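A quick write-up on the structure given underneath.
The values are calculated or read from the model by the stated rules, or taken from the named source; none is laboratory data. Here the structure is a predicted model, which is why all the values come from computation and not from measurement. Virtual Cβ from ideal backbone geometry, glycine too; neighbours counted across all protein chains shown. SASA here: full protein model, heavy atoms, side chains in, ligands and nucleic acids out. Shrake-Rupley method; radii C 1.70, N 1.55, O 1.52, S 1.80 Å.
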Amino acid sequence: MATLPDLGVSAFINILGAFVFLLIFAALRLQPINDRVYFPKLYLTGQRRHHPHPHGFVNLDLCSYLRFLAWVPGALRMSQPDLIHHAGLDSAVYLRIYTLGLKIFLPIMTVALLVLIPVNVSGGTLLNLRKEIVFSDIDKLSISNVNPGSNRFFIHLLMAYVFTFWTCFMLYKEYSNVAFMRLHFLASQKRCADQFTVIVRNIPHVSSHSTSETVDEFFRRNHPDHYLGQQAVYNANRYAKLVKKKERLQNWLDYYQLKFERHPGKRPIGRTGCLGFCGREVDQIDYYRARISELDKKLASERQRVLNDPKAVMPVAFVTFDSRWGAAVCAQTQQSKNPTQWLTDWAPEPRDVYWQNLAIPFFSLSIRKFLISIAVFALVFFYMIPIAFVQSLANLEGIEKVAPFLRPVIDAPVVKSFLQGFLPGLALKIFLYILPTVLMIMSKVEGYVSLSSLERRAASKYYYFMLVNVFLGSIIAGTAFEQLNAFFHQPPSQIPRTIGVAIPMKATFFMTYIMVDGWAGIANEILRVKPLVIYHLKNMFIVKTERDRERAMDPGSIGLAENLPSLQLYFLLGLVYAVVTPILLPFIIIFFAFAFLVYRHQIINVYNQEYESAAAFWPQVHSRIIASLLISHVTLFGLMSTMKAAYSTPLLIFLPLLTIWFHKYCKSRFEPAFRKYPLEEAMEKDNLERTSEPNLNLKSYLQNAYLHPIFHMFEQQQQEQEQQREEKVEVRIDKAQQHHHRQVEKEEEEEESKSSQATTHYYHHHHEQTTTTTHHHYHQHEHMSHYHMGPSDTADSPSPPHFVYHYGVDP
């Protein structure tokens with residue numbers, strides 16, 4: 001068990017590490033070469049085009065290094081409305097979770113340190129227990145130090161009620177504020193395609209009708225006044241995989257071409273086998289060009305198949321309406337007497353759609369979710385093995401009593417302090433590193449059709465994992481290891497008593513975990529080591545154009561699937577240990593304050609949110625904090641029941657009942673704002689829009705909003721081909737104009753030399769006619785390329801299937 005010196009070692013290591021990370025960050029962020037790593041958001045939004053000191057790779061302005069903490073006021077300067085405009089409501093509400101933690105735990109910490117710590121210290125019960133119980137000086141500050149059956153437990157009971165009421169009060173205020181912010185955001189939001197669009201799934205098959213015809217007929221019949229059109233969904237997953245494969249090959253080709261440009265005298269030669277160690281020797285540039293050429297043929301063939309194969313059209317469609325009111329009625333009502341068909345819901349915004357999962361048959365979704373639930377259950381218990389190992393490192397005294405031969409190694413002061421004060425938290429952090437990726441893959445297999453839903457589902461899985469393994473697993477496994485000798489040498493009737501006393505003692509382990517994850521880990525977040533290395537590697541070997549550079553500096557989004565469960569764990573630890581071991585609360589306060597500062601800076605300057613869900617994740621955050629309150633009540637009830645607090649313990653029964661009632665009230669009061677769109681708001685916004693924009697053409701606005709990305713690729717390829725043709729025409733125009741000017745100059749010279757007027761007139765008339773003809777050819781080509789592709793282009797790259805829209809207008 002970690003003692004006070006062990007925690008001091010851990011605090012020193014983590015504070016030093018965090019300070020070093022911040023100093024390195026302060027220096028690296030000032031270098032022009034790193035500007036796109038630490039300020040990519042500003043480049044993507046057009047607020048910055050180059051570093052303030054663009055000359056060279058190193059910033060030589062020494063005065064700027066003296067202002068190495070200038071990022072702190074910069075992160076706090078932006079107001080909340082500006083932050084919402086800059087980064088979106090999701091990012092702003094995410095930051096409010098940190099401020100909510102400060103609002104809840106700062107008053108609780110103040111009261112707990114002033115009231116509960118003196119009560120616990122004066123108890124002295126740990127000194128009277130048998131020597132088999134392992135404890136440290138920090139445990140004397142916990143509830144375990146209160147004498148069994150003492151009337152002091154009434155103070156803990158009173159504090160439990162006070163802390164619960166305060167937490168519920170702050171949760172109510174925050175839920176109300178976030179719900180208002182969401183409604184205001186939606187009301188003031190600019191016109192978006194998802195406001196008029198509904199996703200329809202499990203469309204029934206009708207013989208002799210295509211999916212598009214079936215959808216068109218159904219909605220014309222059932223929504224005749226507001227139905228506008230529909231976009232069919234194509235199964236283009238195979239094509240998307242080929243595109244990704246081509247991108248990888250193109251990156252390798254770019255790498256070898258850059259390498260050859262730097263060393264023109266030597267062609268890059270390599271082997272085609274595994275990692276370049278086996279296979280035949282080839283010229284890498286020619287090899288990758290050939291592979292890309294072969295892949296282009298497969299892409300063209302697959303594109304033709306997607307466009308022409310009726311089986312490629314999925315029983316899913318995006319249906320658009322001429323008003324928000326019409327879309328709201330369709331999305332929030334049952335469409336068919338068969339509740340398993342014509343399932344409607346609000347469409348995610350176009351950038352939020354996860355297109356791969358739209359191709360999953362609807363009937364298989366329930367099976368997938370069931371199988372993934374089993375897999376998550378197995379994964380949670382599989383991870384108990386490394387968690388138990390981590391806990392064995394944190395409880396060396398218990399191991400020493402069972403295995404005395406390890407004592408010479410463990411008793412070394414430096415080794416013992418490192419093992420108990422720093423290593424357990426670090427080991428647990430490492431074990432949890434790959435878990436969010438695994439859980440995100442599982443959520444994708446389940447079949448959710450939007451990135452926001454995927455992140456919320458992955459966050460739920462991660463929360464359950466953290467609850468079972470990190471919290472309960474650490475307590476149970478840690479208690480077993482810690483009190484191993486007591487379990488072997490005491491009567492069975494005393495085991496619950498031993499566990500009840502030992503649970504508060506796990507606060508020392510969670511203190512080390514908070515310092516590793518919440519202090520040093522957050523400092524590492526702002527340093528961005530991994531993105532820094534990846535960007536410079538790509539910039540060195542792959543980047544050739546400005547578009548390549550934008551891809552290389554892609555910062556990604558906040559990562560709600562990983563960060564939300566971690567935040568909820570800190571709420572759980574704070575609420576559980578507020579009454580049991582209050583000395584843990586300052587560690588949590590430091591985390592919330594430091595993390596708020598860091599993530600505010602990252603949201604303003606780094607992260608580019610992939611989608612905007614208007615804080616749809618908040619009901620989950622609220623529910624998890626309520627669950628933390630209930631767990632704290634159960635833990636305290638079980639603990640006090642083992643300490644002979646017969647008079648005070650029954651009074652705890654009312655706390656979970658009141659908390660559940662409060663949760664149900666909040667759920668009925670605020671959650672509809674996150675699940676449904678009020679028809680009143682929809683109609684009001686529709687009327688306002690009709691008044692301000694009476695000539696708005698929604699048909700053209702919505703026509704391609706939900707077109708599959710591969711069809712956008714088709715259009716981009718066609719536009720690039722058109723641009724290439726236009727560039728060739730412009731070259732011809734320039735040449736004709738140059739030739740014309742030369743002839744004019746020649747005419748002037750001939751006039752000055754009194755040459756023949758007929759010759760001069762011939763040249764002037766001939767080249768003027770040439771220029772006019774050339775310009776006419778250019779404009780005619782531009783006009784035709786905008787509306788019609790040539791025969792060869794039509795055969796090789798057919799246009800996207802815009803014909804799937806049926807607007808009731810004759811073509």
Test for Thr498: is it assigned by the TED database to the domain that holds Gly149, buried (at least 21 other Cβ atoms within 10 Å of the Cβ) and either at pLDDT below 85 or in a helix (DSSP H, G or I) (or both):
no
By residue number, the members of region 240-253 that are open to solvent by less than 60 Å² (accessible area, probe 1.4 Å) and within 17 Å of Val282 (Cβ to Cβ) are Leu249, Leu253
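So that you can scan it fast, the table gives a plain yes or no per residue for (1) touching a Phe, Trp or Tyr at 6+ places or on another chain (Cβ under 7 Å); (2) not β-branched (Val, Ile, Thr):
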| position | (1), (2) |
| --- | --- |
| Glu247 | no, yes |
| Asn251 | no, yes |
| Ile292 | no, no |
| Leu295 | no, yes |
| Lys298 | no, yes |
| Ser301 | no, yes |
| Gln304 | no, yes |
| Val329 | no, no |
| Ser336 | yes, yes |
Within region 606-630, considering residues that are open to solvent by 20 Å² or more (accessible area, probe 1.4 Å) and either part of a helix (DSSP H, G or I) or without any contact (Cβ under 8 Å) to a residue 24 or more places away in the chain (or both), the one farthest from Arg77 (Cα to Cα)
Leu630
Across region 431-454, which residue is farthest from Ser557 (Cα to Cα) among those that are touching a residue at least 40 places away in the same chain (Cβ under 8 Å) and outside any helix (DSSP H, G or I)?
Gly447
Tell me the residue from Ile604, Ile653, Ile660, Ile626 that is under 22 Å from Leu106 (Cβ atoms) and not acidic (Asp, Glu), please.
Ile626
Number of positions in region 427-467 that are modelled with pLDDT under 90 and among the charged types (D, E, K, R):
1
Out of the residues in region 326-337 meeting the condition of being over 31 Å from the mean Cα position of the chain (by Cα) and in contact (Cβ under 8 Å) with a residue 60 or more places away in the chain, tell me which one is least open to solvent (accessible area, probe 1.4 Å).
Gly326
From the list Val319, Val306, which one is of a type in the set (A, V, I, L, M, F, W, C), under 30 Å from Leu343 (Cβ atoms) and at pLDDT below 85?
Val306
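Where residues in region 221-239 are more than 36 Å from the chain's Cα centre (by Cα) and in contact (Cβ under 8 Å) with a residue 60 or more places away in the chain, which of them is least open to solvent (accessible area, probe 1.4 Å)?
Start the filter on region 221-239 by keeping residues that are more than 36 Å from the chain's Cα centre (by Cα), which leaves 221-225.
Narrowing further to those that are in contact (Cβ under 8 Å) with a residue 60 or more places away in the chain: 222-223, 225.
Working: Asn222: 74, His223: 29, Asp225: 121 Å².
Only one residue tops the list, namely His223.
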Any residue at all in region 647-659 that is more than 27 Å from the chain's Cα centre (by Cα), of a type in the set (Ser, Thr, Tyr) and part of a helix (DSSP H, G or I)?
yes
For region 91-110, indicate whether the set of residues that are over 22 Å from Lys173 (Cα atoms) and open to solvent by 10 Å² or more (accessible area, probe 1.4 Å) is non-empty.
no
I want to confirm something. Restricting to region 533-588 and keeping residues that are open to solvent by 20 Å² or more (accessible area, probe 1.4 Å) and of a type in the set (Val, Ile, Thr), which single residue is farthest from Arg36 (Cα to Cα)?
Ile583
Of the residues in region 681-706, those that are at pLDDT below 90 and surrounded by 18 or more Cβ atoms within 10 Å (Cβ to Cβ) number 4
What are the pairs, 6+ residues apart or on separate chains, where a residue within region 455-482 that is open to solvent by 10 Å² or more (accessible area, probe 1.4 Å) and assigned to a helix (DSSP H, G or I) has its Cβ under 6 Å from a residue that is among the hydroxyl-bearing types (Ser, Thr, Tyr) and modelled with pLDDT under 75?
Phe481/Ser392
Taking interchain pairs and intrachain pairs at least six residues apart, which have beta carbon atoms under 9 angstrom, with the first residue in region 61-88 and more than 29 Å from Glu610 (Cα to Cα) and the second of a type in the set (D, E, K, R) and surrounded by 12 or more Cβ atoms within 10 Å (Cβ to Cβ)?
Phe68/Arg29
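Rundown of residues vs (1) closer than 21 Å to Val329 by Cα; (2) open to solvent by 70 Å² or more (accessible area, probe 1.4 Å); (3) modelled with pLDDT of 90 or more, yes/no style:
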| site | (1), (2), (3) |
| --- | --- |
| Thr635 | no, no, no |
| Met643 | no, no, no |
| Thr649 | no, no, no |
| Phe654 | no, yes, yes |
| Leu657 | no, yes, yes |
| His663 | no, no, yes |
| Lys667 | no, yes, yes |
| Lys676 | yes, yes, no |
| Leu679 | yes, yes, yes |
Tell me whether region 632-653 contains one or more residues that are of a type in the set (S, T, N, Q) and over 30 Å from Lys506 (Cβ atoms).
no
I'd like the full set of residues that are in contact with an Asp or Glu (Cβ under 9 Å, 6 or more places away or on another chain) and more than 14 Å from Ala347 (Cβ to Cβ), limited to region 441-454.
Ser443, Leu454
Single unsatisfied condition, Met643 versus (1) assigned to a helix (DSSP H, G or I); (2) touching a residue at least 60 places away in the same chain (Cβ under 8 Å):
(1)
